[in-house]
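Q: Supplied in structure tokens, the structure appears directly below.
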Amino acid sequence: MSASDLYRDLVLEHNRSPRGFGSLPTRTHAAEGDNPLCGDHLRIELAVDAAGRVRDFAFSGQSCAITTATASLLGERVRGLDAAAIAELEARFARLVRGECAADPALDGLNALAELRAYPARRKCALLPWATLAAALRGTPHATTEANA
Amino acid sequence: MTARALPIEAPLDPQRIRADFPLLARSVHGKPLVYFDNANTGQKPAAVIEATSTFYREHNANVSRAVHQLGEEATAAYEAARDKLARFIGAPSRDEIVFTSGTTQAINLVAYSFALPRLEPGDAILVTQMEHHANIVPWQLVCARTGAKLKAAPIAESGELIVEKFVEMLTPEVKLAGVVHVSNVLGTVNPVAELARECRRRGIPLLVDGSQACPHMPVDVAALGCDFYALTGHKMFGPTGTGALWARREHLESMPPFFGGGEMIRRVSFEGTTFADPPHKFEAGTPNIAGVVGLGAAIDYLEGVGMRRIAAYERELLAYADAALARVEGLRVFGTAARKAAVISFLVEGAHAHDLATLLDHEGVAVRSGHHCAHPLMQFYGVPATARASLAFYNTREEVDRFVEALQRVRKLLR
Ligand SMILES: Cc1ncc(COP(=O)(O)O)c(C=O)c1O
């Protein structure tokens, strides 16, 4: 196990230049997420169309490379998907980072975080964007990682 | 001979010290361990590990209950640790030492047995902005039950308490004050004797959180002039689940027991119970006997090395680390007090504390990242988390060099 397994080039690159970082003037949904154990904070804003599909995704906040890269990759992956499809992906991602499955093609670039299987203490960092996205879609203003720790 | 009585002798030899700590020989991720998380918990010398296991192998019995030989031995070993701790912190009497599971329990004991019965609506408790949650939350709980208010004295950007403000805030409604002796985040050593003098002048009892002072410097509660002193054994290289509250005898006598049960009574009947004298009044149930015996061994060990010698060594190591870190580009250190223990909270531009900690761990360097149980302090500096390297007397300059080199590599990776 080496640091470069967790901090792969794709993760480092998305941390350096996160996609969709900022805010959406035309948002329909938004939620804040907190990781109380480490103080990380994330805000996700969405533009959701009439059919319930995510058309646009933006995030902001102060967070670690794992959270930032996950949020960035997540935004790219969930465009065009509705809440049910996103929930299905979230379950697949949770299995991936717990080491319960090998790379999952459905997760696309998010597979870069697979090495979290060896870092239980850091899994929450990657789950925070998912929890915040789910809260935004549900219309709950706030999410925390403590429920899905 | 106590640490205080030792003359200034030859400087400490860290290699000899290291040989006494079995865990320091291990490696992590294929690299020799550099353990820089001492503010979180200290490693244990073989003497402590052996004292605990010898207790279980040869003397195990309950304390203060059995008249048989083992019971006598267990009680003697447990009470000997009380003598050692009393001497170690300069307590005027061994009966003023109440064993607890650590600082948290010690402060809660003062909150529930001392503060709760005394507080009334409109009263206040004063702490500082640099407190650990253990010296904040218990006061909030008793304030919520009594209508009293918790106030926090401000700190300066350097991480030093603004003493004039603290003194100004010691108004008549303040019924108790609390201050950390050494900050676990900033390393700041607070001028406790001066604060105690100001509190005493106004008749306000002062509690000192000594968690981070006892492992690193000579402590003399009588000279400090405070009323309560809380400490935790695991940071003093003793076993987890040990610690103590020192309190002036008159306070302990005035305080009702917190827990009730065995060991703490004189006579029990259904009409009423009379309690044992302090400290036993506060030690209900079977205590952590083997742990306390181990804590006694930790104190013997520290006194053997000498607290003044430890403090001098760590001061020099901190200066070395500060100079080495000054060469790291984009490094921000939180806490630059003139009187400072070897605790370095930091961030590197563009890198989050958790990434720093995970990547340093891969280099074998254990540092903590997070809010260090001090949310108000993180809010003061406007950061969600910091990374923290906290040193001890078994750490070396070579380890500081490895830490700084690793930090340089991490910085490049995240850039
Ligand atoms: C300053 C300070 N106070 C209190 C505590 C709490 O100590 P314990 O958890 O051992 O009760 C700590 C340790 O984390 C500390 O550093």
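The values are calculated or read from the model by the stated rules, or taken from the named source; none is laboratory data. Note that this is a predicted model, so its numbers are computed, not measured. Cβ coordinates were reconstructed from backbone atoms using ideal geometry, including for glycine residues, and neighbour counts include every protein chain displayed.
Q: On the given criteria, is B:Gly233 more than 16 Å from the ligand (Cβ to nearest atom) and in contact with a Gly (Cβ under 8 Å, 6 or more places away or on another chain)? Give the derivation first.
A: Values: more than 16 Å from the ligand (Cβ to nearest atom): no; in contact with a Gly (Cβ under 8 Å, 6 or more places away or on another chain): yes.
No.
Q: If A:Ile44 meets every condition in (1) away from chain B (no Cβ under 13 Å); (2) surrounded by fewer than 21 Cβ atoms within 10 Å (Cβ to Cβ); (3) closer than 20 Å to B:Pro384 by Cβ apart from one, which number is that one?
A: Every listed condition holds for A:Ile44 apart from (2).
Q: Restricting to the range A:2-22, name every residue that is at the interface with another protein chain (Cβ under 7 Å from one of its Cβ atoms), more than 14 Å from A:Thr67 (Cβ to Cβ) and assigned to a loop (DSSP other than H, G, I, E, B).
A: The one that is at the interface with another protein chain (Cβ under 7 Å from one of its Cβ atoms), more than 14 Å from A:Thr67 (Cβ to Cβ) and assigned to a loop (DSSP other than H, G, I, E, B): A:Ser2.
Q: Now, a different point. Filtering the range B:321-346 down to residues that are outside any loop (DSSP other than H, G, I, E, B) and over 24 Å from the mean Cα position of the chain (by Cα), which residue is nearest to the other protein chains (Cβ to nearest Cβ)? Steps first, answer last, please.
A: Step one: of the range B:321-346, the residues outside any loop (DSSP other than H, G, I, E, B) are B:321-325, B:331-334, B:340, B:343-346.
If we keep only those that are over 24 Å from the mean Cα position of the chain (by Cα) as well, we get B:323-325, B:331-332.
Numbers: B:Ala323: 27, B:Ala324: 22, B:Leu325: 21, B:Leu331: 18, B:Arg332: 14 Å.
Taking the candidates together, the pick is B:Arg332.
Q: Looking only at residues in the range B:347-371 that are more than 10 Å from chain A (Cβ to nearest Cβ) and in a loop (DSSP other than H, G, I, E, B), which one is surrounded by the fewest Cβ atoms within 10 Å (Cβ to Cβ)?
A: It comes out as B:Glu349.
Q: Counting only residues that are part of a loop (DSSP other than H, G, I, E, B) and free of Cβ contacts under 8 Å to residues at least 40 places away in the same chain, which one in the range B:254-271 is nearest to the ligand (Cβ to nearest atom)?
A: Ranking the qualifying residues of the range B:254-271, first place goes to B:Phe259.
Q: Any residue that is of a type in the set (Ser, Thr, Tyr) and at pLDDT below 95 - is there at least one of those in the range A:72-80?
A: no
Q: Quick one: what pairs do we get from the range B:103-118, first residue away from chain A (no Cβ under 14 Å), second away from the ligand (no atom under 12 Å from the Cβ) and among the basic types (Lys, Arg), C-beta under 7 Å, 6+ apart or different chains?
A: If the second residue must be away from the ligand (no atom under 12 Å from the Cβ) and among the basic types (Lys, Arg), the pairs left are B:Leu116/B:Arg145; B:Arg118/B:Lys175.
Q: Quick check on my filter: what residues within the range B:83-136 are within 21 Å of B:Ile289 (Cβ to Cβ) and acidic (Asp, Glu)?
A: Hits for the range B:83-136 are B:Asp83, B:Asp95, B:Glu96.
Q: Given the residues A:Ala30, A:Ala91, A:Ala51, A:Ala84, which is the only one that is away from every other protein chain (no Cβ under 14 Å), without any contact (Cβ under 8 Å) to a residue 40 or more places away in the chain and more than 23 Å from A:Asn111 (Cβ to Cβ)?
A: Details: A:Ala30 fails: without any contact (Cβ under 8 Å) to a residue 40 or more places away in the chain; A:Ala91 fails: more than 23 Å from A:Asn111 (Cβ to Cβ); A:Ala84 fails: more than 23 Å from A:Asn111 (Cβ to Cβ).
On inspection, the qualifying residue turns out to be A:Ala51.
Q: Restricting to the range A:48-60, what's the tally of residues that are small (Gly, Ala, Ser) and out of contact with any helix residue (DSSP H, G or I) (no Cβ under 8 Å at 6 or more places or on another chain)? Before you say what the answer is, go through the steps one by one.
A: Within the range A:48-60, the first condition is being small (Gly, Ala, Ser), and the residues that meet it are A:50-52, A:58, A:60.
With the extra rule that they be out of contact with any helix residue (DSSP H, G or I) (no Cβ under 8 Å at 6 or more places or on another chain), the set shrinks to A:50-51, A:60.
Summing the residues that are small (Gly, Ala, Ser) and out of contact with any helix residue (DSSP H, G or I) (no Cβ under 8 Å at 6 or more places or on another chain) in the range A:48-60 gives 3.
Q: Return the residues of the range B:377-405 that are assigned to a helix (DSSP H, G or I), within 12 Å of chain A (Cβ to nearest Cβ) and in contact (Cβ under 8 Å) with a residue 60 or more places away in the chain; say none if nothing qualifies.
A: The answer is B:Leu377, and nothing else.
Q: For B:Ala134, state whether it is under 24 Å from B:Tyr381 (Cα atoms), in contact (Cβ under 8 Å) with a residue 24 or more places away in the chain and within 16 Å of the ligand (Cβ to nearest atom).
A: Yes, satisfied.
Q: What pairs come out if I take residues in the range B:226-253 that are within 14 Å of chain A (Cβ to nearest Cβ) and pair them with residues that are in a loop (DSSP other than H, G, I, E, B) and within 11 Å of the ligand (Cβ to nearest atom) whose C-beta lies under 9 Å away, six or more apart or interchain?
A: none
Q: Give the residues of the range A:32-56 that are in a strand (DSSP E or B), touching a strand residue (DSSP E or B) at 6+ places or on another chain (Cβ under 6 Å) and not β-branched (Val, Ile, Thr), sorted by residue number. Give the derivation first.
A: As a first pass, look at the range A:32-56 and keep what is in a strand (DSSP E or B): A:32-35, A:40-48, A:53-56.
Retained after the next criterion (residues that are touching a strand residue (DSSP E or B) at 6+ places or on another chain (Cβ under 6 Å)): A:32-34, A:41-48, A:53-56.
Answer for the range A:32-56, where residues must be in a strand (DSSP E or B), touching a strand residue (DSSP E or B) at 6+ places or on another chain (Cβ under 6 Å) and not β-branched (Val, Ile, Thr): A:Glu32, A:Gly33, A:Asp34, A:His41, A:Leu42, A:Arg43, A:Glu45, A:Leu46, A:Ala47, A:Arg53, A:Arg55, A:Asp56.
Q: May I pose another question? Right, B:Val185: within 16 Å of the ligand (Cβ to nearest atom), in contact with a helix residue (DSSP H, G or I) (Cβ under 9 Å, 6 or more places away or on another chain) and of a type in the set (A, V, I, L, M, F, W, C) or not?
A: Considered against the rule, which asks whether it is within 16 Å of the ligand (Cβ to nearest atom), in contact with a helix residue (DSSP H, G or I) (Cβ under 9 Å, 6 or more places away or on another chain) and of a type in the set (A, V, I, L, M, F, W, C), B:Val185 comes out as yes.
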